[in-house]
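In what follows, a single structure is set out as structure tokens and then discussed.
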């Protein structure tokens, strides 16, 4: 009897602790998300200028942008999933030469500013791009066969380029952790491979697939840079429209209305994805990776591995390669087919402040700032995500509410949130001086949804009987967490860290609006150069972009290697 | 014990830091394209014993918006970077203290186009169509001389412009066409351009580096809306030394829109006296001489030197397009909306 009471007490203490832990992310979101959002909402309502009344014409603009947001997000997500799920299978089940490198490469697009991606695609499939030149020569054509820019196709392609890695990382990691014994058991019971997938593998993967679909959909739905740079004037998503209404017309009412609409649909999407994920949860002990990964043994599997890798190389590795190649060539080499002269001139130029410019950004300073911000953003978002995951485990209601809360920044208009940050945190001169401190905070706000989506399923998958057993044995909760939970979620934790690092380093999506050039980072330096005419400036921007790529690669490799550090059992 | 020491130390450091805070800096809010030489700024700092802090705040529109949104508690003393397309919004929001800086009498005449002294012109430039000289030579094509020429099927698909709703040169170019054809006629011209295959990019970077064939991107269109000084920049920033620019501007009547950038002292400035000194300084020859090579625009002070590359490679339009700022303010939204209506359908 006494023993049972003791057990119950221990479990209750655990719940109480969890509630306290949950308070940390709640306070974080209240101060850095809700407070600035309330500020900007209030300011928008105060705007009474009759010029900005919500006219019928405005409603048409709003409607058009909503329709287009859905259309392109739906198409982009479907195409990304069509490539992403097989790619996740590839990385979750097979060993093949170059596996680690391919996985690394597929994550790199995430950090590239859109203007650089546009340049990379231009070097590859622009009018004088290498692929077009090759095709023209090979088939003896007078016109460039691939005309990409300014089409819906360009937008979809860029979205696939950016987001495929989310499937590879989120679903692939889950796939890797699935115990192959379950599948083998089904096969022994004479289920066909398709039946095994449908009845066993797919249900087990569903939570991570839904997470990936939701994240990709929200990224595409709120897309901004890709639409502007790859699409052209005929396309506008809600976010693009908010940007135009805000900066061009200072029409905060229409911008505010559009922000609300975007937020509303984002919440609805999150809720739907949560609803679909109602299969009874099956906690499983993760398989050891060596067991899950196999060499492709049949012919069909070999073809599959080759085929998916081929697509990834064409879609992701080639544009990245084009960017690197472009950075070591001079403009003279572009559009010609002859021998290429390689030179590091672009890299030498970025170190020289030729004109004594006040805002010259030394590459190492930019690199240092970028990495410091990224490390800080990574730390904040990981800590918050763990607090969310651990803290919301005490009640499924709290878990559900937190889940929607955490997704909010992703669905929120970046332009609006950026203005909110200005209003809330740069209201006085003293605050302005400290504003840069908030940059990693803002970055972690955007990274948090991804990080939570990666860590939470992994933590939930830990069978609770192990916990209860340990608690019954009187193991202190914190120690239990350190010894039992942490080692079990090491792999997802690393994936999450990589994303947080990448979101911040590349000032991905919404973070563009939250970054401030007072403390120059690598993306800021790229924008400085590409904003001026002249071959040298373009070359310098390309060189800076490659440095960003290298910094990110180094960061990824370092973070990935953390998993080889043995955790004491 | 060690941890306690650390906390005490940090606390103490914070107290000392806040007590010995340096004298208030002079804060200048600018758009992100603002650039100047370090020596020019440090000369001012030394002379007046003040630290200058710059607050880059996005593009010209975002910067003005930030100033408007923080009107009640301004975070800067001086705002640089309001252009004539945003001028009326800035003036109607009553953001600035009236002040006529020393050296105002040296201003070139064509930048003095509005009443009052809340804002002072600092620099100006022209938004013109640039063309790829090599392309026109190779194809043995005549260079278009007027807007009407651009409707000729010979130039079908050869021009890339920017969306006026998202790009400031794009808006300037739209305003040039309105100067030429009037508020009633400009849409008909744009319909013609659309039929003739004009390409629209959303921003200058894409138009110039992805679409334009005359610069580093080697794109498809040999004509792009850019700045009158871009041909000079192509020489200055060429990878190998050039005798002549690979590009030139179309400077026919009304084809180049004159863009003027202004600065003003924000109401509620903490450092009013120093702000005035800085306004004077921005009109001084020292500062004005430094403007062209940093921002690729012209100085407003007629005593300032124009760099050799500008004189040799950048053409100056004889009759630039100039629109009344009040007219711009009244119709800006409608003009842009009608343009978008035409190009989204």
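Is it the case that some residue within segment B:128-140 is within 9 Å of chain A (Cβ to nearest Cβ) and either closer than 24 Å to residue A:326 by Cβ or at pLDDT below 95 (or both)?
Yes.
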(request) Report yes if residue B:268 is over 19 Å from residue B:215 (Cα atoms) and in a strand (DSSP E or B), otherwise no. (result) no
(request) Check whether at least one residue in segment A:22-38 is modelled with pLDDT under 95, within 30 Å of residue A:226 (Cα to Cα) and within 14 Å of chain B (Cβ to nearest Cβ), and report yes or no. (result) yes
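Could you pull out every one of the helices (runs of 4 or more DSSP H) wholly within segment A:343-458 that has 1 or more residues that are within 11 Å of chain B (Cβ to nearest Cβ)? Break it down stepwise before answering.
Details: elements: A:345-349, A:363-391, A:396-411, A:414-425, A:429-434.
Once the helices (runs of 4 or more DSSP H) in segment A:343-458 are filtered for at least 1 residues that are within 11 Å of chain B (Cβ to nearest Cβ), what remains is A:345-349, A:414-425, A:429-434.
Table: residues versus (1) surrounded by 24 or more Cβ atoms within 10 Å (Cβ to Cβ); (2) assigned by TED's automatic domain parsing to the domain that holds residue B:149; (3) in a helix (DSSP H, G or I); (4) in contact (Cβ under 8 Å) with a residue 12 or more places away in the chain.
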position	(1), (2), (3), (4)
B:188	no, yes, yes, no
B:192	no, yes, yes, yes
B:206	yes, yes, yes, no
B:218	no, yes, no, no
B:225	yes, yes, no, yes
B:235	no, yes, yes, yes
B:238	no, yes, no, no
B:244	no, yes, no, yes
B:249	yes, yes, no, yes
(message) Quick test of your reading of the structure: residue B:338 fulfils all but one of (1) at pLDDT 95 or above; (2) over 21 Å from residue B:98 (Cβ atoms); (3) within 14 Å of another protein chain (Cβ to nearest Cβ). Name the failing condition by number.
(response) (1)
(request) Tell me which residues, restricted to segment B:37-56, are within 8 Å of another protein chain (Cβ to nearest Cβ) and more than 15 Å from residue B:279 (Cα to Cα). (result) B:37, B:38, B:39, B:55, B:56
(request) Mind counting the residues in segment B:65-87 that are surrounded by 19 or more Cβ atoms within 10 Å (Cβ to Cβ) and either closer than 19 Å to residue B:24 by Cβ or more than 8 Å from chain A (Cβ to nearest Cβ) (or both)? (result) 16
(message) Being part of a loop (DSSP other than H, G, I, E, B) and farther than 20 Å from residue A:527 by Cα is the filter here; which residues of segment B:36-54 pass it?
(response) B:49, B:50, B:51
(message) With the structure loaded, tell me whether residue B:213 is facing chain A (nearest Cβ under 9 Å), crowded, with 19+ Cβ neighbours inside 10 Å, more than 22 Å from the chain's Cα centre (by Cα) and touching a residue at least 60 places away in the same chain (Cβ under 8 Å) or whether it fails that test.
(response) yes
(request) Tell me which residues, restricted to segment B:23-32, are facing chain A (nearest Cβ under 10 Å) and out of contact with any strand residue (DSSP E or B) (no Cβ under 8 Å at 6 or more places or on another chain). (result) B:24
(message) Looking at segment A:213-227 only, could you name the residues that are within 14 Å of chain B (Cβ to nearest Cβ) and touching a helix residue (DSSP H, G or I) at 6+ places or on another chain (Cβ under 6 Å)?
(response) A:224, A:225, A:226, A:227
(message) Among the residues that make up segment A:259-275, is at least one of them assigned to a helix (DSSP H, G or I), farther than 22 Å from residue A:163 by Cα, in contact with a helix residue (DSSP H, G or I) (Cβ under 7 Å, 6 or more places away or on another chain) and in contact (Cβ under 8 Å) with a residue 40 or more places away in the chain?
(response) yes
(request) Would you mention how many residues in segment A:515-534 are touching a helix residue (DSSP H, G or I) at 6+ places or on another chain (Cβ under 6 Å), surrounded by fewer than 24 Cβ atoms within 10 Å (Cβ to Cβ) and not in a loop (DSSP other than H, G, I, E, B)? (result) 1
(request) Identify the single condition in (1) part of a helix (DSSP H, G or I); (2) within 12 Å of chain A (Cβ to nearest Cβ) that residue B:161 does not satisfy, given that it satisfies every other one. (result) (1)
(request) Among residues belonging to segment A:235-252 that are more than 7 Å from every other protein chain (Cβ to nearest Cβ) and not in a helix (DSSP H, G or I), point out the one that is farthest from residue A:72 (Cα to Cα). (result) A:251
(message) So residue A:508 ticks every box in (1) in a helix (DSSP H, G or I); (2) more than 22 Å from residue A:393 (Cβ to Cβ); (3) at pLDDT below 80 but one. Which box is left unticked?
(response) (1)
(request) Could you list, in sequence order, all residues of segment A:473-505 that are surrounded by fewer than 18 Cβ atoms within 10 Å (Cβ to Cβ) and either modelled with pLDDT under 75 or not in a helix (DSSP H, G or I) (or both)? (result) A:473, A:474, A:475, A:476, A:477, A:478
(message) For segment B:271-291, which positions are under 16 Å from residue A:356 (Cβ atoms) and either out of contact with any helix residue (DSSP H, G or I) (no Cβ under 9 Å at 6 or more places or on another chain) or in contact (Cβ under 8 Å) with a residue 60 or more places away in the chain (or both)?
(response) B:286, B:287, B:290, B:291
(message) For residue A:464, only one of the following conditions fails: (1) within 23 Å of residue A:211 (Cα to Cα); (2) touching a residue at least 24 places away in the same chain (Cβ under 8 Å); (3) within 29 Å of the chain's Cα centre (by Cα). What is its number?
(response) (3)
(message) Return the residues of segment B:96-130 that are outside any strand (DSSP E or B) and either in the same structural domain as residue B:249 (by TED's automatic domain parsing) or buried (at least 23 other Cβ atoms within 10 Å of the Cβ) (or both); say none if nothing qualifies.
(response) B:119
(request) For segment B:55-69, state whether one or more residues are part of a loop (DSSP other than H, G, I, E, B) and at pLDDT 90 or above. (result) no
(request) Working only within segment B:252-267, note down all residues that are touching a helix residue (DSSP H, G or I) at 6+ places or on another chain (Cβ under 6 Å) and more than 22 Å from residue B:295 (Cα to Cα). (result) B:254
(message) Which of the helices (runs of 4 or more DSSP H) found entirely inside segment A:136-208 contain at least 1 residues meeting this: within 14 Å of chain B (Cβ to nearest Cβ)?
(response) A:152-166
(request) Return yes when residue B:321 is touching a strand residue (DSSP E or B) at 6+ places or on another chain (Cβ under 8 Å) and closer than 25 Å to residue B:222 by Cβ and no when it is not. (result) yes
(message) Within segment A:20-124, considering only helices (runs of 4 or more DSSP H) that don't extend past its boundaries, which have at least 3 residues that are over 23 Å from the mean Cα position of the chain (by Cα)?
(response) A:35-46, A:56-93
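The values are calculated or read from the model by the stated rules, or taken from the named source; none is laboratory data. Given the structure is predicted, the values throughout are model-derived calculations rather than measurements. Heads up, the Cβs are rebuilt from the backbone with ideal geometry, glycines too, and the neighbour counts pull from every protein chain shown.
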